[in-house]
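Just below is one structure, and these are the notes that go with it.
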Amino acid sequence: MNPALESLLADADLCVKCGLCSPHCPTYRQTADENESPRGRIALIQGWASGRLPLTAALREPLDDCLLCRNCEAVCPAKVPYGNLMDRFRAETGQARKPLAARALSSALRKGLRSPALSSLGRRALDAAAHLPGGSAWKNLPPAGNPEDWYGDHPAAGEPLSHAGLFLGCTAAAADAATVSAILELLPRLGVSVTVPKNQTCCGAMDLHAGDAATARGLMSRNSEAFAGQPLDAVIGFASGCSATLMEYRHPADTAGDEPLSAKVQDISRFLAERIPAERWDLAPLRARILVHNPCSLRNVCKSEGKVEALLGRIPEAEVITLPGKGRCCGAAGSYMIEHRRMAEAIRTETVEAILAAAPDYLVTSNIGCALHLRAGLRGRADITVVHPVQLLARLQRV
């Protein structure tokens with residue numbers, strides 16, 4: 001047997017099919033279909049890898065339906081590496097047995113968002129997606145940013161406390177320029193020097209999860225080289241989906257000085273909560289109810305749950321609460337909300353109802369995909385500002 005399949009089967013065999021993960025799986029909760037549960041998907045992988053099941057459209061459909069939220073990993077008593085299993089299955093099978101339309105849409109999104117002319121081609125890809133029924137997550141985007149204004153060194157004001165590299169990701173210019181501007185304003189004021197390498201690129205998550213492991217490895221290598229050789233205390237990401245991918249880089253070129261890039265990566269909320277002393281903060285009061293949405297990637301991979309609440313808790317007069325429902329997935333999952341629109345919107349409904357019940361003034365979330373998806377779900381139903389936590393902190397931090 002192919003050694004890669006032997007390894008895949010060995011990890012899949014760790015699953016004892018106890019079903020403890022099933023209630024935490026977003027797709028299983030929607031369908032009550034065993035094929036759409038983690039143990040069901042693992043059984044399908046085992047059947048295919050052992051040669052008992054052929055790779056058909058019917059077999060791969062529930063496997064492609066997985067959001068890779070990894071809620072199942074967080075509760076698994078056997079510590080099954082579910083996310084890694086799914087990525088390896090997709091790498092082995094590529095785009096085989098996928099509908100032509102699905103393959104074309106996936107390719108267009110990945111190439112468009114990584115385009116050097118991101119602010120034009122990337123936004124065109126998002127605009128095209130917005131014209132799909134229900135694709136309103138990408139409508140009315142704020143003005144695009146210009147990465148040329150961000151690259152280089154941004155020295156700390158006053159006594160330097162730390163030196164961090166900033167990872168931008170492929171959607172920053174097209175969809176989240178306001179957060180980048182907030183970071184480059186806030187961190188130097190707090191005493192953090194920020195370096196933004198120009199030759200960084202997409203984290204590779206979309207390619208990895210689409211089964212294009214070769215392209216993902218190339219992007220990982222480029223990012224490792226971009227941050228190598230610099231005296232950085234940390235490499236910070238502000239989109240938790242990107243941070244999660246960077247933290248799991250396992251590649252020969254993954255080096256940054258004496259440490260691999262993956263060892264230096266931190267979500268920005270953890271970095272600020274743990275590295276900035278209380279006396280550096282001087283936040284203006286904000287009499288408002290702030291609801292925190294913790295993305296799946298922040299909880300299950302970055303392990304930074306509670307850090308956003310700790311930061312926002314420093315704001316005088318603010319009421320900070322966490323979105324109820326531990327392990328709740330909003331359904332965004334990167335490009336999933338476009339490629340699997342109906343399922344993504346069905347999953348989102350539950351989250352939107354919970355947000356409306358909490359009646360916040362602000363909804364903060366640490367992932368741009370989640371922000372876009374939830375903003376679309378709330379449109380026309382409530383006037384709630386959806387914002388990255390760092391944007392809120394930057395507005396309130398006094399000089």
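Taking H placed 1.01 Å from N in the peptide plane, check which residues at least 5 places from VAL386 or on another chain put their amide H under 5 Å from its amide H.
LEU363
What does the charge dipole of the chain about its Cα centre add up to, to the nearest 20 debye, if the Cβ of each Lys and Arg holds +1 and the Cβ of each Asp and Glu holds -1?
With Lys and Arg at +1 and Asp and Glu at -1, about 780 debye.
Excluding ligands and nucleic acids, what accessible area in Å² is computed for SER107 using a 1.4 Å probe, to the nearest 10?
Approximately 40 Å² of SER107 is accessible to the 1.4 Å probe.
Compare SER297, SER193, SER240 in a GNM of the chain, Cα atoms joined below 10 Å, and give the one with the largest fluctuation.
Residue with maximal mean-square fluctuation among SER297, SER193, SER240: SER193.
Treating the angle as unsigned and between 0 and 90°, give the value, to the nearest 10°, between the Cα long axis of helix 368-378 and the longest Cα principal axis of the chain.
90 degrees
Quick check: residue separation of ARG97 and VAL75 times 0.36 nm, minus the Cα distance between them. What number comes out in nm?
On the way: separation 22, 0.36 × 22 = 7.92 nm, distance 3.14 nm.
Gain on extension, ARG97 to VAL75, equals 4.8 nm.
Suppose we look only past 16 Å in the calculated P(r) of segment 153-214. What percent of the Cα-Cα pairs does that tail hold?
Numbers: 1017 of 1891 pairs.
Within segment 153-214, distances greater than 16 Å cover 54 percent of Cα pairs.
Looking at the chain, I'd like the Rg to Rh ratio, where Rg is from alpha-carbon atoms and Rh is Kirkwood's inverse mean 1/r.
Numbers: Rg = 20.7 Å, Rh = 21.7 Å.
Answer for the chain: 0.96.
Please list 3J(HN,Hα) in residue order for segment 236-241, calculated via the Karplus relation 6.51 cos²θ - 1.76 cosθ + 1.60 where θ = phi - 60°; whole Hz, with x for glycine and proline.
For segment 236-241, the Karplus-derived couplings read 9, x, 10, 9, 4, x Hz, x marking Gly and Pro.
Give the accessible surface of the chain per residue, rounded to a whole number of Å², with probe radius 1.4 Å and ligands, DNA and RNA excluded. Walk me through the numbers before you get to the answer.
Working: 16370 Å² over 399 residues.
I get 41 Å² per residue for this part.
Karplus couplings for segment 276-281 from phi (6.51 cos²θ - 1.76 cosθ + 1.60, θ = phi - 60°), rounded to Hz, Gly and Pro as x?
Once rounded to whole Hz, the list reads 9, x, 4, 5, 7, 8.
Starting from the Cα-Cα distance between ALA32 and TRP281, subtract it from 0.36 nm times their residue separation and give me the gain in nm to one decimal. Display every interim value, and only then the final one.
Numbers: separation 249, 0.36 × 249 = 89.64 nm, distance 4.77 nm.
Fully extending the segment from ALA32 to TRP281 adds 84.9 nm.
Which of CYS302, SER335, PRO81 sits farthest toward the positive end of the charge dipole of the chain, with +1 on the Cβ of Lys and Arg and -1 on the Cβ of Asp and Glu?
SER335
Report, in debye and to the nearest 20, how large the dipole of segment 142-234 comes out about its Cα centre when Lys and Arg carry +1 and Asp and Glu carry -1 on their Cβ.
Numbers: 4 positive and 10 negative charges, 27 e Å.
In total the dipole reaches around 120 debye.
To the nearest 20 Debye, how big is the dipole of segment 1-113 about its Cα centre, given +1 on the beta carbon of each Lys and Arg and -1 on that of each Asp and Glu? Could the numbers behind the result be given before it?
Numbers: 15 positive and 12 negative charges, 62 e Å.
Rounded to the nearest 20 debye, it is 300 debye.
Each residue of segment 384-399 in turn: what ³J(HN,Hα) in whole Hz from Karplus with 6.51, -1.76, 1.60 and θ = phi - 60°, glycine and Pro shown as x?
After applying 6.51 cos²θ - 1.76 cosθ + 1.60, I find 10, 6, 9, 8, 6, x, 5, 4, 5, 5, 5, 5, 9, 5, 7, 5 Hz.
If you take the square roots of the eigenvalues of the alpha-carbon gyration tensor of segment 199-304 and sort them as a ≥ b ≥ c, do you get rounded (a/c under 1.5), prolate (a/b over b/c) or oblate? Present the calculation step by step, with values, prior to reporting the outcome.
On the way: a/c = 2.89, a/b = 1.58, b/c = 1.83.
Here segment 199-304 falls in the oblate category.
Can you tell me how much longer the chain between LEU14 and ALA354 gets when fully stretched, taken as 0.36 nm per residue apart minus their C-alpha distance, in nm with one decimal? Provide the component values of the computation, followed by the final result.
On the way: separation 340, 0.36 × 340 = 122.40 nm, distance 3.49 nm.
Full-extension gain reported as 118.9 nm.
What part of the accessible area of the chain, given as a whole %, is carbon or sulfur when the probe is 1.4 angstrom? Write out the running numbers ahead of the final one.
Values: 8580 of 16370 Å².
Carbon and sulfur together cover 52 percent of it.
Enter the Cα centre distance for the pair segment 1-50 and segment 189-222, rounded to the nearest angstrom.
29 Å
As I understand it, the value is the acute angle between the Cα axis of helix 3-12 and the longest principal axis of the Cα atoms of the chain; what does it come to in degrees, rounded to 10?
80 degrees
Which shape class applies to segment 313-399: rounded if a/c is under 1.5, otherwise prolate when a/b exceeds b/c and oblate if not, where a ≥ b ≥ c are the square roots of the Cα gyration tensor eigenvalues?
Working: a/c = 2.19, a/b = 1.72, b/c = 1.27.
Prolate is the answer for segment 313-399, as a/c is 1.5 or above and a/b outweighs b/c.
Tally the DSSP beta bridges in the chain and give the antiparallel ones as a percent, rounded to 5.
Numbers: 5 of 27 bridges.
Among the beta bridges of the chain, antiparallel pairing accounts for roughly 20 percent.
What do you get for the angle between helix 213-227 and the principal long axis of the chain? Use alpha-carbon atoms, 0 to 90 degrees, nearest ten.
So the helix axis and the longest Cα principal axis differ by about 20 degrees.
For segment 13-97, how big is Rg over Rh, using alpha carbon atoms and the Kirkwood form of Rh?
Values: Rg = 11.9 Å, Rh = 12.8 Å.
The Rg/Rh ratio comes out at 0.93.
Once you have a ≥ b ≥ c as the square roots of the Cα gyration tensor eigenvalues for segment 252-399, tell me rounded if a/c is under 1.5, and otherwise prolate or oblate according to whether a/b is larger than b/c.
Numbers: a/c = 2.25, a/b = 1.10, b/c = 2.04.
It comes out oblate by the Cα gyration axes.
The values are calculated or read from the model by the stated rules, or taken from the named source; none is laboratory data. Every value quoted in this text rests on a predicted model; they were computed, and no experiment measured them. Counting neighbours? That spans all protein chains shown, and the Cβs are built from the backbone with ideal geometry, glycine included. The protein model used for the area step is the full one, side chains on, heavy atoms only, and it has no ligands, DNA or RNA in it. Shrake-Rupley method; radii C 1.70, N 1.55, O 1.52, S 1.80 Å.
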